[in-house]
Structures are given as C-alpha cells and as structure tokens.
C-alpha cells in the first residue's frame, strides 16, 4: 500500500512540473521590422558577375508537312492490268516501271495513226504523178490542185491521229518520238508496239504511298492506280497568329527535333537538314483556324516526314547583345523583374540596390538580361528576394 501511495504522489508532482514548464514558455509574437532587418544585414549574400554575351529570342509553333510533288497515276483509257511491279512504301526513281497493262484503245490509236500515215504516202505519190503528167500535158492544173488538197487532208488526219496518241502517252508519262515510232510502225506489228507502250512508269523520284489496283483487274478509263509523292524535299506550312508575323520574318527556323538547347553562342540548328528555307511571298490567312500560314521548304533525309503529318518548329530571332546572370539573381514582383546590384549607392560600396531589368527566357540556369544591367555588375544570387523587399521599404512581417 505504501508503494502505491508513493506512485500516485509522483504522478501528481510530474503533472505540476509540466504545467509549470508550459507556463514558462515564451508566447509567439509578430516579427518586427527591426528583427527582420537585423537578420538580413547580418547574412552575407552570395554574389555573381554579369557576363556579356549574345542571346536569340525564340518561339515555337505547329506546322504541317506537304509533299513537294504529289500525283495520282491514272489510265486514260480502259485497260486490264497484266503485271504489278511495286508495293506501297516502295522508293522509286523516275522511269521505274510500276505496272503493265493491255489497252484495246491504245492499239486502236496506233492502228489509226499507221493508217493515216499510209494515206499520206499514197496522197504524196498521187500528187507526184499529177505533177509529172501536167508537164507532159496529160493532166490539167485542176487535177494537180485537187491532188494537193487530198494530200493536205491526209496530212491533217495523220496529225490529228498523232496528237490523240501523244496525249494518251503523255497521260501515261511515256515519252515517245514521232519519227522513231513512225519508223517502228513500218517494221513491227501494231499489237507488239502496243504491248511495249502499255507500261506505267514513275514520272519522278518518290515514294509509293498507295496502290489502288490488283493484278488482272479490268479498269475503266480514268481509274487511279498509284499515289506517288516526292518527299526528298517537302513543304512545311507554319501557322501563327497575326501578332507575331513580324517576329517570324527575320532569323532562322528549324524543326524541333534538330534544336540545340545550348545555343546562346552558336547557331540554333544542329544540322543543315533541319534548317527550313522560306519560300517567300506574303503570308496567307487560313479562315478555318484564324491563323496565318508561312511556307518553308525542308530537306527530308530518310523520307521520315510524310505528307499531312504535323511537326513542331522553332524560330530563332537574330542574335542580340545581352548580359548573362544566374537564374537565382532575377526575382519578380508585380510582373516586373529585378536584380539586386552591389555598389550602386554613391559612397557606399557595400550597399545593394534593386534594379528593374528586362529579361529573356532562361537557358541552362542562366538568364539573358536585355536591359538594366551592364557587363561586370555584381548581382546577388542568394537572399535576393528578401533584399528586394527591404530595398523597396516593404519588409515581410511573419505573424504566428
């Protein structure tokens, strides 16, 4: 029982001691201007020197890729596909045979031209005979004139047949010489020549992006066979607001994948292939988006850019002189940037003064100062925000 009574007494005494200790603790009060100022004046700030250099303002925008050349290859007449030589995704050069076909109308056009050429030859021989007999007074002048008219009609018919044939060949991107084909018609059958000409070839170097025909398919006139795009060089259409048109008119523009983030002293594009070349002309307004379109051209190594794809581009303005300071040296208040600069008070080399500055975007922990500082100025990098408030006579008051 004595032991239990002692334990109760000890617990009572400990509670009293705790209450007494709590009463002795100081009551929190608002920090005064004097205590705050004293703490800042005793702290030794870290300083850095503003360094002269160059900086390029930049802006980013979305752009759409457009193939430099694009064509849908069609047949000008009905035909049956007898051979296919390429698949979608194939890279072809100009003159590569893409498909072979059999077209009855092509054979008919060749036969008509051949017949017209024979009629011209007959009209020429008949006129020659009339001229000879006129000299011998066995034919009249009217007969010779009639022979000349017949020759002119035959030549006109032959010319019309040739133009019809040449137009079909042009639509097929086939280059044929008139004299060579006429000579070939004298030596070979029409069906064999039609088989040789029944070939669809690539008109330029490019990429087969779509095939719309199958082997053995019977096609109507005007049917599409392939879609071919020239992508070695592409157009890049950049869409921007009207307010920034002037900024994009000067400087360099490049694809975002080739950007170098440490370019304050170097060119903004890592490779020449990433640099976009302006096409020129006036910007065009796009009513669908409310933006203005600027057109550039770009090299496309590896044909990685495809028609219709969206990419990000970045524009760099011409370089301008700035001074570089650490990012910690720039503080903001009421949408204004400030730097705490040492030695600005006359006769007091240890004083600091808040200087309003105009800055650009930070690069690798450093900020380009466009105006407000000079090279060699010493700026505060630690505690600059608290010193800014003291210099503006607006100390922070901490209230518990």
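Just a few scattered comments:
- Some residue of the range 136-156 being part of a helix (DSSP H, G or I), within 57 Å of the chain's Cα centre (by Cα) and in contact (Cβ under 8 Å) with a residue 60 or more places away in the chain: no
- Members of the range 296-306 found to be surrounded by fewer than 18 Cβ atoms within 10 Å (Cβ to Cβ) and closer than 18 Å to residue 279 by Cβ, listed by number: 297, 299
Residue-wise test of (1) part of a helix (DSSP H, G or I); (2) crowded, with 17+ Cβ neighbours inside 10 Å; (3) out of contact with any helix residue (DSSP H, G or I) (no Cβ under 7 Å at 6 or more places or on another chain); (4) not assigned by TED's automatic domain parsing to the domain that holds residue 121.
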| position | (1), (2), (3), (4) |
| --- | --- |
| 163 | yes, no, yes, no |
| 180 | yes, no, yes, no |
| 215 | no, no, yes, yes |
| 227 | no, yes, yes, yes |
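- Boolean, residue 169 is under 30 Å from residue 231 (Cβ atoms), crowded, with 16+ Cβ neighbours inside 10 Å and out of contact with any strand residue (DSSP E or B) (no Cβ under 8 Å at 6 or more places or on another chain): yes
- Some residue of the range 103-122 being under 23 Å from residue 186 (Cα atoms) and not in a helix (DSSP H, G or I): yes
- Among the residues listed as 292, 248, the single one being at pLDDT 90 or above and more than 30 Å from residue 53 (Cα to Cα): 292
- Verdict on residue 104 being loosely packed, with under 14 Cβ neighbours inside 10 Å and closer than 26 Å to residue 297 by Cα: no
Condition check ((1) surrounded by 19 or more Cβ atoms within 10 Å (Cβ to Cβ); (2) assigned to a strand (DSSP E or B)) across all residues:
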| position | (1), (2) |
| --- | --- |
| 308 | no, no |
| 313 | yes, yes |
| 318 | no, no |
| 324 | yes, yes |
| 338 | yes, yes |
| 354 | yes, yes |
| 358 | no, yes |
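The values are calculated or read from the model by the stated rules, or taken from the named source; none is laboratory data. Quick caveat: nothing in here was measured; it's all calculated off a predicted structure. Every residue, glycine as well, gets a Cβ built from its backbone with ideal geometry; the counts of neighbours run over all protein chains shown.
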